[in-house]
Amino acid sequence: MRFIPKDFLLSQKIESLSKNKGENTKTQWELEFSKRWVAVGVHWGVPKTTLAVHGWLMAQAAPVSTDDVMAALDLSRGGAHNALQSLVDWKLAHAFKPLGARQVRYAAEDDPFAMLMAIIHKRREQELVPLAELAEWNAEMKEELTAQGRAEFHERIGGIAHRARQLDTLLVRTAREDEGWWWRWLLGPLRTK
């Protein structure tokens, strides 16, 4: 058993109590924002718990630990950890370990354009890449579908896969561009001379 001085334990308890008193004024709006973020983000294909953690994380001024997320959102350690790791995988949050600290801290991506591009990249992986696999299956089944008189089905699936490849190529090329390029591309047609 490890010996821990009483002064250390007392200072830790006092620090945690002072944190709780200061957090009560902000907790309500943070949780409200988190709920609204869930309502917005469910259309991205992200689990609700992960969105709740992301919304709460965005409202934080300083990086937080897994314990902070657990306490604020009433999550289990596994649920909080999985949500945070999912956000790191999506590149919507960053994990780092400060020098001398034992716990990993998490901070939400603060650049709106980087956040948007991370969401687009993940959606591309989830939706367009599987369509490429469908195109491979369609190519393998061409003879069988034609023999059964279903050539129109083969062509329809081929058309879907072709459009998906075009969109995928467009997203890959435009993902390399910076935010200024996107704004010029989007607003370019609106310019008048």
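The numbers here are math on the coordinates, done by the rules we state, and not lab data. Since this is a predicted model, take the numbers as computed values, not measurements. Counting neighbours? That spans all protein chains shown, and the Cβs are built from the backbone with ideal geometry, glycine included.
May I ask you to evaluate 6.51 cos²θ - 1.76 cosθ + 1.60, the Karplus curve with θ = phi - 60°, for each residue of the stretch 43-49 and list the ³J(HN,Hα) values in order in whole Hz, giving x for glycine and proline?
So the Karplus estimates, Gly and Pro as x, are 6, 7, x, 9, x, 4, 4 Hz.
I'd like to compare 172-182, 31-41, 84-94: which one has the highest average count of other Cβ atoms within 10 Å, and what's the full order after that? Spell out each step's value before the answer.
Numbers: 172-182: 10.9, 31-41: 15.1, 84-94: 18.3.
The packing order, highest mean first, is 84-94, 31-41, 172-182.
Arrange the following residues from fewest to most other Cβ atoms within 10 Å of their Cβ: ARG102, ARG123.
Working: ARG102 7, ARG123 14.
Ordered by Cβ neighbours within 10 Å, fewest first: ARG102, ARG123.
Would you indicate which of (i) 9, 36, 36, 15, 4, 0; (ii) 8, 24, 24, 19, 14, 7, 3, 1, 0; (iii) 8, 29, 26, 11, 6, 6, 6, 4, 3, 1, 0 is the value of P(r) over Cα pairs in 10 Å bins from 0, in percent derived from the coordinates of this structure?
Here P(r) over Cα pairs in 10 Å bins from 0, in percent agrees with entry (ii).
How are the Cα pair distances of the stretch 113-190 distributed, in percent, across 5 Å bins from 0?
3, 14, 19, 17, 13, 11, 8, 7, 5, 3, 0
With +1 on each Lys and Arg Cβ and -1 on each Asp and Glu Cβ, how big is the dipole of the stretch 113-190 about its Cα centre, in debye rounded to the nearest 20?
300
If you take the charge dipole of the stretch 93-139 about its Cα centre, with +1 on Lys and Arg Cβ and -1 on Asp and Glu Cβ, which of ALA139, HIS121, TYR106 is farthest toward its positive end?
TYR106
What is the fewest-to-most order of HIS154, HIS43, HIS54, HIS121 by other Cβ atoms lying within 10 Å of their Cβ? Walk me through the numbers on the way to the answer.
On the way: HIS154 18, HIS43 7, HIS54 26, HIS121 15.
Lowest to highest Cβ neighbour count: HIS43, HIS121, HIS154, HIS54.
With only Lys, Arg, Asp and Glu charged, each at its Cβ (+1 for the first two, -1 for the last two), find how big the charge dipole of the chain is about the Cα centre; round to the nearest 20 debye. Intermediate results must be reported in sequence, preceding the final value.
Details: 27 positive and 25 negative charges, 127 e Å.
Using Cβ point charges on Lys, Arg, Asp and Glu, the chain gives about 600 debye.
What are the ³J(HN,Hα) values, in whole Hz, obtained from phi via the Karplus relation 6.51 cos²θ - 1.76 cosθ + 1.60 with θ = phi - 60°, for each residue of the stretch 129-143 in sequence order, with x given for Gly and Pro?
Couplings: 4, x, 5, 5, 5, 5, 5, 5, 4, 4, 5, 5, 8, 4, 5 Hz.
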